[in-house]
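The values are calculated or read from the model by the stated rules, or taken from the named source; none is laboratory data. This one's a predicted model, so the numbers in the text were calculated from it and none came from an experiment. Methodologically, a virtual Cβ is constructed for each residue, glycine included, from the backbone with ideal geometry; neighbour enumeration extends over all protein chains shown.
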Amino acid sequence: MKRLALTFAIFALTGAGLTVIVAWTCETFAGESLEISYEQPSDPLLMPGLHEPPEGWDVRTWVEIEGFGVRAAWISEMPWMGSRLGMIEGSKNRMEMTTHSGWPMRCMTRRAYWNTTTSKQYPDSVWHTGFESPWQGLMAGGYRGTHLPARPMPLRFAFNTAFWGVIAWFVLLGPGVLKRYRRQRRGACITCGYELAGMATCPECGTPAAARTMTG
Ligand SMILES: [Zn+2]
């Protein structure tokens, strides 16, 4: 029982670690396609609030950014001009960017908003805005900036942790389990593979014969 709990804990940790690495990999290498909208787009499935404007903003432009394992949105008071957002004299020029990344679920997030006239980011914490990528040169997403997320989205993060934990389990322990299963099926010793021919104990290594359920 204790061993089972330990195995579970190890694979949960491995799954969580892989979940973070995959999310950062998506943030780093994903290319992106843009969709510009002048009305609030509907939120994608499982992504509530992605396009919700902050309280009191006079939003002119929504920019939807999508790449492999990444979904991001800009919400801005600035109009889209050419291939970027442009400031207008006398307006507030605020912008918010939310990024969700990870695979199979987008499970880590970062969000920042700033007034382009001061260029200071809010909220000013790693938890919200993420941190400067240590591999700036590799960051492929031109519109998402060069931060990596630090904040997990609980349910989606748990899903990915289970997903990658199970994969890690299959990769690391699967072959051994399969080998023992095959040996048991053909009536051989599960430890050393010796042909048991119905004996109760393996004469080679002393392992008791497993119950033979698949063969008669
Ligand atoms: Zn044996």
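Spot the failing condition for GLY174; the list is (1) more than 16 Å from the ligand (Cβ to nearest atom); (2) over 30 Å from PHE11 (Cβ atoms); (3) outside the structural domain of GLY17 (by TED's automatic domain parsing), and only one is missed.
Going through (1) more than 16 Å from the ligand (Cβ to nearest atom); (2) over 30 Å from PHE11 (Cβ atoms); (3) outside the structural domain of GLY17 (by TED's automatic domain parsing) one by one, GLY174 breaks only (2).
I need a count of the residues in segment 178-206 that are more than 16 Å from the ligand (Cβ to nearest atom) and either in contact with a helix residue (DSSP H, G or I) (Cβ under 9 Å, 6 or more places away or on another chain) or small (Gly, Ala, Ser) (or both). Spell out how you get there, then give the answer.
Residues of segment 178-206 more than 16 Å from the ligand (Cβ to nearest atom): 178.
From what's left, either in contact with a helix residue (DSSP H, G or I) (Cβ under 9 Å, 6 or more places away or on another chain) or small (Gly, Ala, Ser) (or both): none.
Adding up the residues that qualify gives 0.
Can you pull out the residues in segment 89-110 that are closer than 19 Å to ARG60 by Cα, touching a Lys or Arg at 6+ places or on another chain (Cβ under 9 Å) and surrounded by 15 or more Cβ atoms within 10 Å (Cβ to Cβ)? I'd like the intermediate steps shown before the answer.
Our first condition is that a residue be closer than 19 Å to ARG60 by Cα; within segment 89-110, this holds for 89-98.
After this cut, where a residue has to be touching a Lys or Arg at 6+ places or on another chain (Cβ under 9 Å) as well, the list is 91, 96-98.
Hits for segment 89-110 are GLU96, MET97, THR98.
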